[in-house]
Amino acid sequence: MHVSGVNRHIRVLDEDAINKIAAGEVVERPASVVKELVENAIDAGASSVRVDIRTDTTGISRILVVDDGTGMEPDDARLAFLRHATSKITSGDDLQSIHTMGFRGEALASIAAVSRVTLVTKPNTTGALAGIQLVVDGGEIITDRETGAPGGTSITVEDLFATTPARKKFLKRKNTELAHIYAVMEQCALAHPDIAFRFMQDGTEKIRTPGQGGLLNAVIALYGGEISRALVPVFGKMPYMRIEGFVAKPSVSRPNTHQIAISVNERQISSPPLVRAVRAGFGTLLPKNRYPIVFLAITIDTALVDVNVHPAKKEIRLSREDDVVREVTAAVRMALAHEELIPEGHGPGKTSRPDPSVYRGESAHKGVASPTTAYRADQTKPGTAVSPHRAFTTTDSRLRLTEGRAVHEGGPNLMPEMEIFGQVDGTYILAARKNGDHEDLVLIDQHAAHERVLYEQVLAKRGRDLTSQELLVPVVLTLRPKEAAAVRGARHMLMTEGFLIDDFGGDTFAVRTVPVVLGTQMPEGLIEDLVADLVAEHLKSADGRKERITTVIACRGAIKAGTVLSPEQMQRLLDQLARTENPWTCPHGRPTMVTFSRSVLDGMFHRT
């Protein structure tokens, strides 16, 4: 094989090229330098770490990291700039039980290969009167002298990537690089709440943590009171693992995973399996494309963790990954199981309106109605008329389908006691609940509430005594070839859920039975939704399809928005909701109820 322009003879690279290649793996950007130096300070036993960043019009011009750790003797300081020189391990066997942040001995050598580094250090334990100053430029020591210094170490990095202009060219704008540094500092502070961290940018303090121990103290210092007040403690203990930390209630969520902070053995890591485990612990408490706020510290037997996977130590490998994932999911689920998770409404200017595309439920209508208002024919199809008697009878039949079938019998009733006093636009039930000396206003979404009841009942019956109900008139479907193929492929799965679908010639099918919870008539749009999901690319797994079928059944079978309920029907619905395992959200993650405290109502009316 011949590559044009490349010498075909194999040769050993010189030390300069080796160092620059290693730097490319370890030092991706200024935040990588901060991470490596801060981790060195942590390993040195520092109780406080200060990071000072200077910027200019082109980006990050200087990085200074100061710690009060053990410091280094002169000979050790000189060796620290050699590749694979480390005090963390002595042999390959030590890689089986890493307890330190760094261990490869690459950080200082890699950083010095692409920048100008000034190291000042003095040991804290030997009573030395003077420290040592080393200046390393492009990997070469150009200054080596004694100097006065406090105990500990300070490292200044300047002219980053001066010897590798191609790497510097690919750096992002200054604010982007600063954002990456902020993220590194937050991760280190969360993983080590017993260390006081201080971050300065151009003379202005941006981050300060107390270093008093306790993850909650670090969270409060970094994110303030709003998030900390929404946190629920998480705890789990197994023979080989311990889980501690906090998750925020579902009412406080994010559109991405950026505020899922997980440390393993005090090392902040990126682990998609653990992120999925946390998300699974929330289950249907969150919409599909919303993510929780999480701060977890996991301690695992070091023999089960391989941290020597990524050059920058961003990833780990777990030898019992399935067990760890299962335990994390269980710990998060258990933490939320006994919490009241009713989101609180806000006054004008504070309301957070989520993107409606994250839900597949009913939308609310505007207007006001009372429980005694006659059924509104404009909620039905044009040209039809529905009598009030028929409307209430239909609702009664839906409630009878879910009456006496609670899946959480014997479990704690998590819902607070409420007094119902009305309905808004046939969509929201109005109630009051006691809160100390005052009462809170509670709005319950009747469709979301009944969806939750149906969803849990279908799940409970899956694989046991789920029965089908024959339709009065079979529904005939003519599908496109792709849709027809998907239905044929999922026919057995659909049958286990209560759907009997027969071939009717070509790509036409006859739906003859549906799950009994849907009654004797096909709810509008049910089959169309199922077919659309069966051909969806993101639902190729059997579990994903089953979950979606269950949510569609619950959505289409539930009482609709715009349906006027009698006071007795409203009470029956809330009684059924109270017997569910998770009364707080519908299967799509949309809240079933929202509370407005007396203080919020006073603020809305400008009462003081």
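The values are calculated or read from the model by the stated rules, or taken from the named source; none is laboratory data. Worth saying up front: this structure is predicted, and the values here are computed from it rather than measured. In this analysis, Cβ positions are derived from the backbone assuming ideal geometry, glycine residues included, and neighbour counts consider all displayed protein chains.
Test of understanding: among Arg512, Arg548, Arg556, which residue is without any contact (Cβ under 8 Å) to a residue 40 or more places away in the chain and either over 19 Å from Asp396 (Cβ atoms) or of a type in the set (S, T, N, Q) (or both)?
Exactly one residue qualifies, and that residue is Arg548.
So that you can scan it fast, the table gives a plain yes or no per residue for (1) assigned to a loop (DSSP other than H, G, I, E, B); (2) polar (S, T, N, Q); (3) not assigned by TED's automatic domain parsing to the domain that holds Ala109:
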position	(1), (2), (3)
Glu28	yes, no, no
Glu36	no, no, no
Asn40	no, yes, no
Gly45	yes, no, no
Ile63	no, no, no
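Got at least one residue in the stretch 342-354 being surrounded by fewer than 16 Cβ atoms within 10 Å (Cβ to Cβ), out of contact with any Gly (no Cβ under 6 Å at 6 or more places or on another chain) and either aliphatic (A, V, I, L, M) or modelled with pLDDT of 80 or more (or both)?
Checked the stretch 342-354: at least one residue is surrounded by fewer than 16 Cβ atoms within 10 Å (Cβ to Cβ), out of contact with any Gly (no Cβ under 6 Å at 6 or more places or on another chain) and either aliphatic (A, V, I, L, M) or modelled with pLDDT of 80 or more (or both).
Just checking: which of the helices (runs of 4 or more DSSP H) contained wholly in the stretch 482-589 hold 3 or more residues that are charged (D, E, K, R) and over 19 Å from Val453 (Cα atoms)?
Qualifying helices (runs of 4 or more DSSP H): 526-534.
Residues of the stretch 550-584 being closer than 17 Å to Ala431 by Cα and not hydrophobic (A, V, I, L, M, F, W, C), which ones?
Result: Ser566, Pro567, Glu568, Gln569, Gln571, Arg572, Asp575, Gln576, Pro583.
Failed condition for Met522, given (1) surrounded by 17 or more Cβ atoms within 10 Å (Cβ to Cβ); (2) in contact with a Pro (Cβ under 7 Å, 6 or more places away or on another chain), with all others met?
Result: Met522 fails condition (2) only.
Restricting attention to the stretch 538-565, which residues are small (Gly, Ala, Ser) and out of contact with any helix residue (DSSP H, G or I) (no Cβ under 6 Å at 6 or more places or on another chain)?
Ser541, Ala542, Gly544 - these are the residues of the stretch 538-565 that are small (Gly, Ala, Ser) and out of contact with any helix residue (DSSP H, G or I) (no Cβ under 6 Å at 6 or more places or on another chain).
Within the stretch 563-579, how many residues turn out to be more than 35 Å from the chain's Cα centre (by Cα) and without any contact (Cβ under 8 Å) to a residue 24 or more places away in the chain?
The total comes to 1.
Name the residue that is surrounded by the fewest Cβ atoms within 10 Å (Cβ to Cβ), counting only residues in the stretch 460-481 that are in contact (Cβ under 8 Å) with a residue 12 or more places away in the chain and assigned to a loop (DSSP other than H, G, I, E, B).
Gly463
Residues of the stretch 211-237 being surrounded by 16 or more Cβ atoms within 10 Å (Cβ to Cβ) and more than 17 Å from the chain's Cα centre (by Cα), which ones?
Matches in the stretch 211-237: Gly211, Leu215, Asn217, Ala218, Ile220, Ala221, Leu222, Gly236.
Please indicate, with yes or no, whether at least one residue in the stretch 526-541 is touching a strand residue (DSSP E or B) at 6+ places or on another chain (Cβ under 7 Å), of a type in the set (Val, Ile, Thr) and not assigned by TED's automatic domain parsing to the domain that holds Thr395.
Yes, there is a match, as at least one residue in the stretch 526-541 is touching a strand residue (DSSP E or B) at 6+ places or on another chain (Cβ under 7 Å), of a type in the set (Val, Ile, Thr) and not assigned by TED's automatic domain parsing to the domain that holds Thr395.
I need the full set of residues from the stretch 488-514 which are among the hydroxyl-bearing types (Ser, Thr, Tyr) and more than 38 Å from the chain's Cα centre (by Cα), in order please.
If the condition is that a residue be among the hydroxyl-bearing types (Ser, Thr, Tyr) and more than 38 Å from the chain's Cα centre (by Cα), then Thr508, Thr513 are the ones that fit.
Collect the residues in the stretch 247-278 that are assigned to a helix (DSSP H, G or I) and surrounded by fewer than 20 Cβ atoms within 10 Å (Cβ to Cβ), keeping them in residue-number order.
Correct list: Pro272, Pro273, Val275, Arg276.
Being over 14 Å from Gly245 (Cβ atoms), among the charged types (D, E, K, R) and part of a helix (DSSP H, G or I) is the filter; apply it to the stretch 320-332 and report the residue that is modelled with the lowest pLDDT.
Among them, the one singled out is Glu321.
Taking only pairs six or more apart or across chains, which ones have beta-carbon atoms under 6 Å, a first residue in the stretch 596-608 that is within 17 Å of Leu430 (Cβ to Cβ), and a second residue that is surrounded by fewer than 16 Cβ atoms within 10 Å (Cβ to Cβ)?
Pairs that qualify, where the first residue is within 17 Å of Leu430 (Cβ to Cβ) and the partner is surrounded by fewer than 16 Cβ atoms within 10 Å (Cβ to Cβ), are Arg598/His438; Val600/Gly347; Met604/Gly347.
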